[in-house]
Amino acid sequence: MADRVKPMGMDRALISKMGAKYDSGLEYEVRGWIKALIGEDIGEGPSNVEKSLRDGVILCTLMKKVIEGTPSESLPAACSKTDLKPSSSELPFKQMENIEKFLKAAHKYGVPNTSLFQTVELYEARNLPMVLATISHVGTEAQRHNYQGPTIGSKPTEKHRVQFSYEQLKQSHGTIGLQSGTNKFATQKGMRIGSVRHISDIKVEDLDREGNTLLTLQAGTNRFASQKGMTGFGAVRHIADIRADQFDKDGENIITLQAGTNKFASQKGMTGFGAVRHVSDIRADDFDPQTASHIGLQAGSNQFASQKGMTSMGAVRHICDIRADDLDREAQSVIPLQYGTNRGSSQKGMTSFGSQRHIADIKVSDLAEDMKRQDLNMTPKEYQEFRQQMEATEQKTDEPQYE
């Protein structure tokens, strides 16, 4: 049998992750159980456990001992025809057959397939935690089948099936679940599914006489000052019940907080209950004439640069209000920052709004003359006079000399 290639990459990482799940406590329980049943010591640590269980002899002997110690009335019928005689050969496939015999016997004994390890997981030490878990599950099934001897693993769980009679099921027809609003408490007690609780079920003579004049909190109680004096269910409290001569004269021009008080600056001056404050109550001659051209902050103030000059509320500021002859002549060749200023080197020389600056406007000869003037350290006027003298000298030199 050819040797399997050692795991690399992702396989190696997965094997390392499974190895991290190795439980030393479970190993201690399994080692003690095997020694108590068959007297074999599988050693301590993953490597010793793998070497002891790899040939499958100990596993078959253990399973045979468990089946023999289980009472016949509790032993599954499939276990009566189980071959658990191990082979002592050192050939790999013979050792793997021993492991396979143990797995088949454990499944017949009651261990589900999902709790069984694969043969290669023990023979190549790929998943030793699963091997220990399978042996522990065999101990759990031994407890279920009343094994006469020491066991390990968790206690087996039994299925609890309850059969309800038709009368018991019918009792739930009058119960409303919590999701729909239960009727098992005082608020809905006695209601059935779909039935209506009639108000007429409460007789009038059962009512307390003192309760005839009480309004509940849900409808707006009349036990306090605001509604005190109302009588009966659904009765209306008329405003005429309060006589006008009972009013406090000082309170006639006071509006309560509920309706919008007039005790502060915003509504000061309103009189009576329900009276309307007319804008015409403020006389036009009370206005300050200087404020006629002011626009408030709410509408957009004109007291700053952006809207300065607007007059009256809602007036429009026309661009034609600014006369062209008021403009500074020097500003005609200035482009503001919003459009890209021409006051710096990048746009210097541009005139008017939207004018285009051509690179051909600057002559190369002008640049050379300007550089020469700077080398001579002359002002433009001095350099002009110097140029004229040089041109006059050149003309005299070029004239023909006659004898």
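The values are calculated or read from the model by the stated rules, or taken from the named source; none is laboratory data. The model shown is predicted, which means the values in this text are computed figures rather than measured ones. Neighbour counts run over all protein chains shown; Cβ positions are idealised from the backbone, glycine included. The protein model used for the area step is the full one, side chains on, heavy atoms only, and it has no ligands, DNA or RNA in it. Shrake-Rupley method; radii C 1.70, N 1.55, O 1.52, S 1.80 Å.
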Completion exercise
With every protein chain kept in place and a 1.4 Å probe, the stretch 9-145 has an accessible area per residue in Å² of 51 Å²
Problem - Descending Cα extents along the principal axes, the stretch 14-110, whole Å - result: 42, 31, 28
Exercise for the section: Using per-residue counts of other Cβ atoms within 10 Å, averaged over each peptide, order 138-149, 37-48, 58-69 from highest down. Expected result: 58-69, 138-149, 37-48
Practice task
Using +1 at the Cβ of each Lys and Arg and -1 at the Cβ of each Asp and Glu in the stretch 9-145, identify which of His107, Val30, Leu91 lies farthest towards the dipole's positive end.
Solution key: His107
Completion exercise
Violations at 25 Å Cα threshold for listed pairs Lys51/Lys94; Lys35/Lys155; Lys17/Lys51; Lys51/Lys104; Lys159/Lys184; Lys94/Lys155 -> Lys159/Lys184; Lys94/Lys155
Exercise for the section: Could you tell me what percent of the accessible area of the stretch 9-145 is made up of carbon and sulfur, with a 1.4 Å probe and every protein chain present? Expected result: 51 percent
Problem - Sequence ranges 87-97, 250-260, ranked by mean other-Cβ count within 10 angstrom, highest first - result: 87-97, 250-260
Handout entry: Ordering of 107-119, 73-85 by burial proxy (mean other Cβ atoms within 10 Å per residue, highest first)
Key = 107-119, 73-85
Practice task
With a point put 7 Å past each Cα toward its Cβ, work out how far Val120 is from Glu40 in nm, to one decimal.
Solution key: 2.4 nm
Exercise for the section: Would you mind counting up the charge near Lys94? Only other residues with Cβ under 13 Å from its Cβ, with Lys and Arg at +1 and Asp and Glu at -1. Expected result: -1
